[in-house]
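Just so it is clear, none of the values below were taken in a lab; they were calculated from the coordinates. Given the structure is predicted, the values throughout are model-derived calculations rather than measurements. Cβ placement follows ideal geometry from the backbone for every residue including glycine, while neighbour counts extend to all protein chains displayed.
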């Protein structure tokens with residue numbers, strides 16, 4: 001019918017794609033609900049039905065897909081493995097491979113070699129065909145007259161093609177190759193037979209690669225095989241792993257010895273208990289001198305879980321100065337069901353400082369203001385995965401933000417004069433927040449950055465209380481892979497909207513010059529003496545990077561210079577290196593100044609652009625470090641800027 005069906009993957013799900021051979025266009029993509037993985041699809045002779053093997057809950061069964069109606073009919077539903085269906089020429093029977101052999105025992109977890117079986121479409125009757133006493137029987141294919149089934153077996157230790165005659169049950173050998181007929185794995189299909197001409201194609205592994213051979217129907221009759229065949233293992237060296245010769249081999253062939261009878265077991269309800277699963281890398285240090293004085297810095301984290309990994313508790317502690325600078329977090333996650341949920345509570349202190357001058361009784365002192373912000377938050381969250389690549393996340397939290405001020409005074413010679421607390425501090429903030437996000441990720445990452453697929457996150461986060469505003473996030477990333485190169489694109493918007501979105505006295509402005517957003521505009525790269533007016537009241541080149549809303553677009557061409565033979569221009573596996581020419585563009589704005597390409601920078605915010613080259617290296621699998629050299633085009637008089645950051649590629 002001029003149609004070709006194949007298995008495709010979309011957003012982590014398997015789909016059956018139907019391609020028109022004449023136009024080379026995919027006409028239809030069919031997703032089968034509830035089926036985790038699809039394999040071995042086969043057209044019916046009428047072209048109206050597709051048979052396939054599908055996995056659901058770890059079990060593989062046979063299914064029929066009606067192309068016109070789009071309905072699915074499940075044929076088998078048991079614990080046996082049923083794979084590789086093939087239609088008979090009259091469309092009444094399916095041949096397939098299965099482990100329904102006499103040696104299969106689910107009680108002792110012993111499974112028979114894969115056998116050939118047939119399924120009668122009308123009655124549902126399954127018939128296991130007689131075959132070799134040992135060895136696999138896979139990849140069945142009917143002959144054009146429907147009287148024989150070709151299959152692949154390794155009964156004598158070498159994988160070859162055989163012909164099973166349905167009328168008499170005789171088996172004939174079709175091929176006898178020194179390296180055998182081989183697919184990608186030991187059970188992969190490696191044989192196909194044209195339904196009209198009987199021409200046979202099969203693959204053979206030779207010269208470190210795969211070759212496809214063909215046999216006309218006149219050469220597929222085969223030679224008769226004896227009623228018994230001497231089974232051997234071509235992969236075993238003399239004297240052979242025969243029972244009694246090797247202790248391990250004897251145990252492997254005797255699954256019952258040492259097993260409990262089952263009558264000695266006692267049953268009780270499962271009660272989960274937590275035990276330590278992992279410890280985060282601890283750190284410890286001491287700081288002395290400087291504006292923040294002497295203090296202890298360091299941290300450690302612990303992860304506890306139950307026996308089945310259904311529940312987790314995470315604990316983290318971090319110190320960064322004095323006792324009041326110690327923070328911590330406790331988080332609980334329940335992963336037992338598809339709806340995952342959890343709760344957390346945290347106390348996180350932040351510290352920063354600034355200098356000022358004051359005059360008391362005619363004496364001028366230099367004052368160091370140490371400002372501390374204490375973030376206390378309790379929250380809950382839940383998520384529901386639609387598939388392995390898409391999920392929805394919902395969360396809520398109650399937050400208190402407190403402030404304290406410590407003032408250290410020094411005389412003109414730098415000697416300490418006084419220390420006091422209780423300087424002017426903002427009033428504490430109390431607010432609740434919630435968020436709902438739709439998240440997708442079907443990307444594939446290499447050593448330093450993603451190289452294929454895509455990611456996205458769309459999120460709304462309302463905040464209410466002392467401050468009332470809503471945060472919106474739209475983050476979309478796409479990676480086009482053309483081995484070994486990748487073209488990467490990112491579009492991002494993050495902004496605050498609502499009544500207090502522009503409250504710069506209590507909300508820090510967003511900064512576009514973060515190196516993970518637009519490279520070449522970082523805080524440390526600005527020189528106030530050369531890039532800002534001498535009046536000291538504003539710095540337009542820097543101020544246009546601040547706002548309550550951001551929009552960013554980035555593009556990179558990623559070149560894996562060092563890597564492994566499978567991914568890398570040069571094989572240097574100890575220090576994978578990706579070099580990427582890039583272009584970054586972005587704009588920051590607020591309600592008073594909207595984005596525009598106008599030259600009137602007093603009324604509008606114009607976009608900033610940079611271009612350059614980036615080099616990311618994976619340091620022993622521990623961290624990704626990026627070096628970049630960028631030209632910021634909206635910084636008059638500024639040349640090229642270099643920077644370093646510890647972050648994987650976006």
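Could you give me the percent of Cα pairs per 5 Å distance bin for region 3-224, shortest bin first, beginning at zero and ending with the bin that holds the maximum distance?
The percentages, shortest bin first, are 1, 6, 14, 18, 19, 18, 13, 7, 2, 0, 0.
Treat the count of other C-beta atoms within 10 Å as a stand-in for reagent exposure and order 125, 631, 136 from fewest to most.
Fewest-to-most Cβ neighbours within 10 Å comes out as 125, 631, 136.
For the chain, what is the calculated [θ] at 222 nm in deg cm²/dmol (nearest 500), taking -39500 (n - 2.57) for each run of four or more DSSP H residues and dividing by its residue count?
Calculated mean residue ellipticity at 222 nm is -500 deg cm²/dmol.
Using only alpha carbons, build the gyration tensor for the chain and give me the equivalent ellipsoid semi-axes, biggest first, whole Å.
Its equivalent ellipsoid spans semi-axes of 66, 31, 25 Å.
Under the classification rounded if a/c is under 1.5, otherwise prolate if a/b is larger than b/c and oblate if not, where does region 26-92 fall, given a ≥ b ≥ c as square roots of the Cα gyration tensor eigenvalues?
Oblate is the answer for region 26-92, as a/c is 1.5 or above yet b/c matches or exceeds a/b.
So if each residue of separation counts as 0.36 nm, and I subtract the Cα-Cα distance between residue 645 and residue 350, what length gain in nm does that give?
Value of the extension gain: 104.1 nm.
For residue 538 and residue 377 in one chain, what is 0.36 nm times their gap in residues minus the Cα-Cα distance, to one decimal in nm?
Gain on stretching residue 538 to residue 377: 54.4 nm.
Calculate the FRET efficiency for residue 184 and residue 625 from the Cβ-Cβ distance with a Förster distance of 41 Å, rounded to the nearest 0.05.
My answer for the efficiency is 0.65.
Quick check on region 1-46: take the gyration tensor over C-alpha atoms, sort the square-rooted eigenvalues as a ≥ b ≥ c, and tell me if it's rounded (a/c under 1.5), prolate or oblate.
Taking the square roots of the gyration eigenvalues as a ≥ b ≥ c, region 1-46 is oblate.
Of all the C-alpha pairs in region 1-128, what % are more than 21 Å from each other?
Percentage above 21 Å: 42.
Taking the Cβ of each residue in 393, 27 as the centre, tally the other Cβ atoms inside 10 Å and list the residues starting with the fewest.
Listing 393, 27 from fewest to most nearby Cβ atoms yields 27, 393.
Roughly speaking, what is the stretch gain from residue 248 to residue 308, that is 0.36 nm per residue apart minus the C-alpha to C-alpha distance, in nm to one decimal?
18.6 nm
Quick check: from the Cα gyration tensor, does region 415-465 come out rounded (a/c under 1.5), prolate or oblate?
The shape class here is oblate.
Test of understanding: ordering 325, 310 by Cβ neighbours within 10 Å, fewest first, what list do you get?
310, 325
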